Amino acid sequence: MILHPWILGLAVGHSTLLLLFSLCVLNAWQIFRGWDYNSTGENQFLLEKKTYLISSIINFTLFVQILMLFLFEITADELANVLPGAMCAVGTLSSNNYGFLLLNLKIVSTFVYFMWLVINYLDNQMETYPLVKKKYLALILIYPLPIMEIILFFKFAFHLDPSVITSCCGSVFNESAKGIGGSLANSSASISLSLFFCVAFLLLGNRYITCRWGRGHKRLGALLEFPFWILFFITAILVTISFISTYVYEMVSHNCLFCFIGSQYHYYGVFLYFSLFIATGAGMTGGLLEMITKPAILAKKARLLQKKMHTVSFYGMMLFLVTGFWPFIVYYIKTGRLI
Amino acid sequence: MDNHVIEIINVTKTYNKGKPNEVTAVKDTSLEINEGSLVVLKGSSGSGKTTLLSLIGCQTKPTTGEVIIQGKKVSKLPEKFMNLHKRKNIGFIFQHFQLIAGMSVLDNIMLPLIPEGISSKERYRRANQLLEQFNLTHRREFKTSSLSGGEQQRAAIARALINNPGILLADEPSAHLDSELTSSLLDHISRLKQSGHTILITSHDPDVYQKSMVDHIFEMKNGQIISS
Amino acid sequence: MTLRTIFERQRDIIDYSLQNMLRRWSKNTLILIIFIVLVFIVSSVLFINGSLTKEMMVTSMDLPDITVQRIKGGRQVNIQAPDALEIEKIPGVEAVEKRVWGYFYQETLQANFTIYGMDLDQLEKGEYNQIVDWKSYPDDIERNPDFRMIVGHGVLELLKNIEMDNTFLFFQPGWQQLISFDIIGTFRGETELQSNDMMILQIQGARKVLELPDNEFTDLAVFIPNPEEIDNIALKIQRLFPGLRTVTREQIKNSYASVFGWKSAFVLSSLLAGIFAFLILIWDKASGLSLEEKREIGILKAVGWDTALVLQVKFWEGLILSGISSVSGILLAYAFVYWLRAPGLKQIFIGWSTIYPSFRLTPDVDFKFLVLIITICVVPYLAVTIFPAWKAAITDPDVMIRNI
Ligand SMILES: Nc1ncnc2c1ncn2[C@@H]1O[C@H](COP(=O)(O)OP(=O)(O)O)[C@@H](O)[C@H]1O
Ligand SMILES: [Mg+2]
């Protein structure tokens, strides 16, 4: 265990989140149990009012979640000063089994909260709140996310040991290293690039075909967006490790996902990941919205929202491409060669 | 066929249901009001006039029964959608004017426009027009707490009208006015009636309900309409 | 709704929130003041921590790659000259410096000085020439060249108090006589953390003060040109000489950073109680709506404002309040730490000695601190206000219609 201001900040953030989320789940349970649209009793009025409490909290939760994602990365980066062998965030995260697990969970939670809010927004457009029970059941079902997060966080913090030497991005993402990180960087730039562009073209092609073809295909195509965007996210990370990062750092052997987030690289990573998250979040939500088919008016509204999500994800993807390949283009123009 | 802008079907409103202090303020009441008419609800204090008015004004939901405004059943709508209707169709003049004390007359009048996201230019245009109409232009920037009773009354009417509602509800509008101000108020009301507004007033003041422009008088007692 | 109307509406809501807060400024002032103080303390601690860590990073550049000590019975003891020779033979080692240093406690000042033995003639020729203000003595009294020294800035200031700023007298109970040293220069104020409690003595004199025999040394500094090899060589030394302990620069850096981190976390943890009390106050203030406020919210609801809209007003109020507090708190902390040199707080950070670095730390203010300050101060504040805000926002319009 290392007592450090950053760890303290994370502890405060996680506890706040869990506390608020618990309040939410408590109320969500009451709504799930007691909701009766046709009732005019005081209880129904109160439940209706509680829906406002819950959306406020989840909105806030998403905000804090994003903040914590940053804070977590910064913490990992800062703690590298304390942990022997760690040069940057990667070293801290890989110093025990929980670091990367927690990071992944945080990313998943962020997307889940975002999707819940979009569905909630959609449902609130309808006078009868048709999705109300499903919505709040879903909320109860995702309660394990913040709980797991706080557990993992404390495990992570307690297992940070300044007396153990850890490896860092130099070795984690090193070609000769074993393990996932190594094999990721190892799967040379060309493979990850082709994978990434495959997925991107698959996505865009699927959209094109979906627009052209009739109803049946439309549905399948739209549903496929959900897994495709997950693939997009993963391959985008791959490309960032093996290709984009080398041009940002202008070094062959430096394949780090975190170093470029900070001020030394003018917060390049913030923009890069921002566009990636926007694209993926909107894209996945677009796919999810396709699942809504009943009642007809809701489905119609869902399709409208879906269109917006498609647009946003498209621009997000373009932004990611531009941000991600910008350093490469600049380098190529300047030097006329590849790294 | 008559065009009912307001329809109330078997409405009951019970406060604190199931508790010892349970009160049924409106009991199984039905009512229809035609477009463009001026209707007065009279009755002794505690007979349920204000409650009925707030049911019509979408300020509260009935325990049972149906409230239909401009053909739309509003009684079961969630707040957000009920408010949409309220802002579009209803202007409410409350009993004690209910202006926000620390704010200027102008800001008070423009309050109902904020949820609509109306541009500030348009808001100022409408507000200035109403201030002119109700002779309040010189009090524009005054705090409402520094206004006289008549001015407060006029500001309250202006606020009720700023959304261009078709229906105007006024709860005891003459209760705090002397006879001179009451007659000026009635002038305003008659002008509003001429411009096509449907108006519903609660009052136990003969000066108000004995006017010839009144189309209907309903009398309430113990939460029910006993005569019309 | 188009994007434009959404913005228009948000602006109106912010307008209203501001007006609303100004009308009730007395209710908000107390919260504002406490909030500013909290942000101020938290940011001060973080700024000091950040700058110290950074300063450590910079000064650690000068540290030897490996420090080698002899350990006997778990304690550090003097190291012998032959050890240095052996280590020098290890491939990859460029140079081994035999160091003479220790601490000296001065009774009257109650101060602990770090004493370092060096060859001052060589220093005067080398790079130290730049960072030392050399004194010249007009008189030409014969001085023993073995008893000269250079001191840190803070040391000199302190010595002025006991009028020993020209000659310093070392004495310890049990010694036969005083040892007197001439002060021939002071360090310039740049590398303060390290040089502030430092006395650099001519090596022969230093041996007398530290009571160190002639062929023994305090420890060895090993220099290795290739950073990749440092860890390996450290391991090798430990394997070859079981009685020796190695400390790499990286290890020192880490332990310093974790000491600073530990200290600031300690201060912040003690602050948590304060934050908690503050949150309770907020909760109390936010839940206790006055009749007037309740009536106003009733009016808003009655003229067609949604619960969500009133919630937005409350949200903006919280954001404005925490925004003002954060900005003022951070600015105050900046001034406090970098201009006033953090009186009161710095003692906590710089260990045992009465002489503290004079703290002209280079500002190290980064976006990352903002994230942490927001997480520690603003997030709990907003979290605590959510429930009361909701309670207020669901006020029924008929509360007000049935006149109060
Ligand atoms: N919000 C409320 N909670 C509890 N009782 C109420 C409420 N509003 C009105 N009442 C009760 O309902 C009855 C009718 O009140 P009201 O409609 O104000 O009558 P009127 O306007 O004719 O004087 C009264 O007995 C009053 O006490
Ligand atoms: Mg009344």
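General observations
- Fraction of the pair-distance distribution of segment C:67-223 above 19 Å, Cα-Cα pairs, percent: 58 percent
- Inter-chain shielding of C:311-322 (mean C-beta neighbours from other protein chains, 10 Å cut-off): 1
- Mean separation of Cα contacts under 8 Å, 6 or more apart, over the residue count of segment C:32-134: relative contact order %: 10 percent
- Counting, for every residue in C:250-261, the Cβ atoms of other protein chains within 10 Å of its Cβ and taking the mean gives 5.
- Karplus-derived 3J(HN,Hα), 6.51/-1.76/1.60, for each residue of segment C:108-119, Hz, glycine and proline x: 4, 8, 6, 10, 10, 9, 8, 10, 10, x, 8, 8
- Other protein chain Cβ atoms within 10 Å, averaged over every residue that makes up B:7-15: 1
- Per the Kirkwood formula applied to alpha carbons, segment A:172-339 shows a radius of gyration over Rh ratio, Rg over Rh, of 1.05.
- Counting charges near B:L131 (Lys, Arg +1; Asp, Glu -1) among other residues having Cβ under 14 Å from its Cβ returns a value of +3.
- Each 10 Å bin from zero up to the one holding the largest Cα-Cα distance in the protein assembly as shown carries the following percent of pairs: 2, 9, 15, 17, 16, 13, 10, 8, 5, 3, 2, 0, 0.
- Remark: accessible surface ordering of C:Y381, C:Y103 (largest first) is C:Y103, C:Y381, probe radius 1.4 Å.
- Segment A:195-240: equivalent-ellipsoid semi-axes (sqrt of 5 x gyration tensor eigenvalues, Cα, Å): 23, 10, 5
- Solvent-accessible surface (1.4 angstrom probe) belonging to A:W213, in square angstrom, nearest 10: 140 Å²
- Value of Rg/Rh across segment A:1-167 [Cα atoms, Kirkwood radius]: 1.11
- Cα-based radius of gyration for chain B, normalised by 2.2 N^0.38 Å, reads 1.00.
- Exposed loop positions in chain B were taken to be GluC sites (Glu not before Pro) whose DSSP state is not H, G, I, E or B and which have at most 12 other beta-carbon atoms within 10 angstrom. Between these positions, the longest stretch is B:23-140.
- Convex hull volume per residue for segment C:193-264, taking Cα atoms only, in Å³: 166 Å³
- Computed Rg/Rh of segment B:1-80, alpha carbon atoms with Kirkwood Rh: 0.98
- Relative intensity, log₁₀ I(q)/I(0), of chain C from a Debye sum that treats every alpha carbon as a point, q = 0.09, 0.14 Å⁻¹: -0.72, -1.23
- Relative contact order (%) - criterion: Cα under 8 Å, at least six apart; region: segment B:30-117: 16 percent
- GNM on chain B, alpha-carbon springs under 10 angstrom: the most fluctuating residue among B:L99, B:L77, B:L55 is B:L77.
- When you restrict to C-alpha pairs under 8 Å that are six or more residues apart and normalise by the size of chain A, the relative contact order lands at 16 percent.
- What the Cα convex hull of segment A:46-103 gives, in volume per residue, is 78 Å³.
- Proximal charge balance of A:Y98 [Cβ under 14 Å; K/R count +1, D/E count -1]: 0
- The trypsin sites (Lys or Arg not before Pro) of segment C:42-91 that DSSP puts in a loop, and whose beta carbon has at most 13 other beta carbons within 10 Å, are C:K89.
- Shape category assigned to chain A from the gyration tensor of Cα positions, a/c cut at 1.5: oblate
- Accessible area in the full protein assembly, largest first, 1.4 Å probe, for B:L130, A:L195: A:L195, B:L130
- 30 Å Cα-Cα threshold exceeded, pairs from B:K193/C:K391; C:K263/C:K368; C:K314/C:K346; B:K143/B:K211; A:K301/B:K27: B:K193/C:K391; C:K314/C:K346; B:K143/B:K211; A:K301/B:K27
- Ranking A:Y265, C:Y105 from most to least accessible surface, computed with a 1.4 Å probe over the protein chains only, gives C:Y105, A:Y265.
The values are calculated or read from the model by the stated rules, or taken from the named source; none is laboratory data. Computed from a predicted model, the values in this text were never measured in an experiment. For neighbour counting, all protein chains shown are included, and Cβ atoms are generated from backbone atoms with ideal geometry for every residue, glycine included. Surface accessibility is based on the protein's heavy atoms, side chains included, excluding ligands, DNA and RNA. Shrake-Rupley method; radii C 1.70, N 1.55, O 1.52, S 1.80 Å.
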